[in-house]
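The values are calculated or read from the model by the stated rules, or taken from the named source; none is laboratory data. Fair warning: this is a prediction, and the values are worked out from it, not measured in the lab. All Cβ positions, even for glycine, are placed from backbone atoms using ideal geometry, and neighbour counts span all protein chains on display. Accessible surface is based on the protein model in full, side chains and every heavy atom, while ligands, DNA and RNA are left aside. Shrake-Rupley method; radii C 1.70, N 1.55, O 1.52, S 1.80 Å.
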Amino acid sequence: FSCRRDGAQPLSSPRAARSGIPGSSMGDRKLIALATSVYFAGTRLNNEMTCGLVKWCIDAERFAKLPFMAGRAVPVIWTNDPDLIREECPQQSLSIRPYEKDFVDLVHKWSQEAWDRWGERERIKIREQRSFFLKNPEFVEANLVKWKSVGETEFESILLIDTDVDFFHAAERMTMPAYLALAREAWTLYYRRFIESDAVLLGTPDNMSPINGGVMLFKPSTRLYDLGMRAIQTMRWNVTHGFGLAGRPRDLMSAEDAQKYESTYMVSSNSYNIVNGDADQGLFAYVFAMVDRSYRETTNGRYHIHHNWAASKPWAFKANCALYFEELDILRAVVKTDCRDRHHEPDKCHYVRVASQLPVVSPAARNGHKTRCWRHLEKKAEELINVSWMWRCRGQEFRVF
């Protein structure tokens, strides 16, 4: 696409096909990418946040090998540290893709120079006495790099989810066979309807944005990738008018969508003063919901995946969700009660001990894994052993279709 007016050189969009990179296609058939983005800004590995990738890698490979996904999907991680990812995730089917240096440099420059972060923070918090939701530059970098995946047209579609999303935890509401039956229906019938529709991105709103950046299914597009890259290359952003100072959210959205997403802070405040408003949640909303208007909200309430967002992550902050560690074979002797007796509310489930014994850290887990993340996960699991009221799982279920 064209150069910036100030003379900066453009970035090339990703190649439509990558011969020699395994896992992107099978013959002439494009695959579904079960993908995440892991970007290390500052310290090389933040255990509190990043170690969810261990279970993500295990589950992504398991999901890709399910009968109704086999031959159709491949697990993919985009990252700026492939060696560290391979150390924590040895799964051979996992495709680890490095970010190009010019893309990383641009995102870093954006996080530092696009706007006066601290001046705006003072204006909003002190002078206007309003909440300021935008994060630090490192957090912006770690999330804005997700845009890279939009241009990866070697895939038919990309399910882009954060490493705190669990492919299988939602099965706790029912038996695993019943859950997999819903997953099969979703990834055959509902998936085909999405591919044949005019929608380009399916997502779910949260209290901040019409599109939560943690769970998105989209069709890659060079055109839309270039549109987003041009917005970043302007190096212009502010709280009211967003990327490239293009306009307020309500002015750019359709009247129907502005009314539909009135409950989100982006629309109700008519601003980009939201979590990641200058990163993924702002950019995906700007391109897909405002400019291209090809965003559609998920509607299938039968099939979900579980998002351990914010402070609900089992391995971060205060440990929780004993079942998370049991599924990793770190804790043993934990079973769940029947959640259906509690009106299908997974957060209200309680976990009970088997044979009146406390759960213990599995010797196999302790002896079999020496990576930094596995040691961290074992430590968090130990915090739960004598604190049964923290065994319940938190987070929220998200629709995909």
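Ordered by packing density, taken as the mean number of other Cβ atoms within 10 Å over each peptide's residues, highest first, how do 116-122, 260-266 rank?
Averaged packing, sorted descending, gives the order 260-266, 116-122.
Within the stretch 293-316, name every residue whose backbone N is under 17 Å away from a label modeled 7 Å from Cα of PHE68 along the Cβ vector.
The answer is 299-306.
What FRET efficiency would be calculated for the residue pair ASN136, MET174, taking the C-beta separation as r and a Förster radius of 30 Å, to the nearest 0.05?
The value I calculate is 0.15.
Calculated FRET efficiency, SER268 and LYS370, Cβ-Cβ r, R0 41 Å, to nearest 0.05?
Once rounded, the FRET efficiency stands at 0.25.
Taking a quarter of the surface of the convex hull around the Cα atoms of the stretch 153-259, what do you get in nm²?
Projected area, direction-averaged: 9.2 nm².
Taking 7 Å along the Cα-to-C-beta vector as the label spot, tell me the ASN238-LYS318 distance in nanometres, rounded to one decimal.
Placing both labels 7 Å beyond Cα along the Cβ direction yields 4.2 nm.
Under a cut-off of 16 Å between alpha-carbon atoms, report the aspartates and glutamates in cross-link reach of LYS30, not counting same-chain residues fewer than 8 places apart.
Straight-distance partners of LYS30: GLU152, GLU154, GLU156, GLU196.
May I ask you to evaluate 6.51 cos²θ - 1.76 cosθ + 1.60, the Karplus curve with θ = phi - 60°, for each residue of the stretch 156-171 and list the ³J(HN,Hα) values in order in whole Hz, giving x for glycine and proline?
Ordered by residue, 3J(HN,Hα) equals 5, 8, 10, 8, 9, 10, 6, 6, 9, 9, 10, 5, 10, 4, 4, 5 Hz.
Determine ³J(HN,Hα), in whole Hz, for all residues of the stretch 227-232 in sequence, where each value follows from phi through the Karplus function 6.51 cos²θ - 1.76 cosθ + 1.60 and θ = phi - 60°; x replaces Gly and Pro.
Karplus-based 3J(HN,Hα) across the stretch 227-232 equals 4, x, 5, 4, 5, 5 Hz.
At 7 Å along the Cα-to-beta-carbon direction for both GLU196 and LYS260, put a label point, then send me their distance in nm to one decimal.
In this crude label model, GLU196 to LYS260 measures out at 2.1 nm.
Considering only protein heavy atoms and a probe of 1.4 Å, how much of the accessible area of the stretch 184-270 is carbon and sulfur, as a whole percent?
Solvent-exposed carbon and sulfur of the stretch 184-270 make up 46 percent of the total.
Which order do the peptides 247-254, 150-157, 96-103, 172-179 take when ranked by the mean count of other beta-carbon atoms within 10 Å per residue, highest first?
150-157, 247-254, 96-103, 172-179
What share of all Cα pairs of the stretch 80-238, in percent, falls into each consecutive 5 Å distance bin?
P(r) over the stretch 80-238, rounded to whole percents: 1, 7, 11, 16, 18, 16, 12, 8, 5, 3, 1, 0.
Taking a 20 Å limit on the Cα-Cα distance, which of the listed pairs LYS65/LYS146; LYS313/LYS370; LYS55/LYS370 fall beyond it?
The pairs that break the limit, which is 20 Å between Cα atoms, are LYS65/LYS146; LYS313/LYS370.
Which length gain, in nm to one decimal place, applies between GLU113 and ASN207 when the Cα-Cα distance is subtracted from 0.36 nm times their residue separation?
Between GLU113 and ASN207, full extension yields 31.1 nm more.
Once label points are set 7 Å from the Cα along Cα→Cβ at both GLU122 and LEU189, what is their separation, rounded to one decimal in nm?
Placing both labels 7 Å beyond Cα along the Cβ direction yields 5.9 nm.
What whole number of Å gives the distance from the Cα centroid of the stretch 220-281 to the Cα centroid of the stretch 78-156?
Each part's Cα centre sits 16 Å from the other's.
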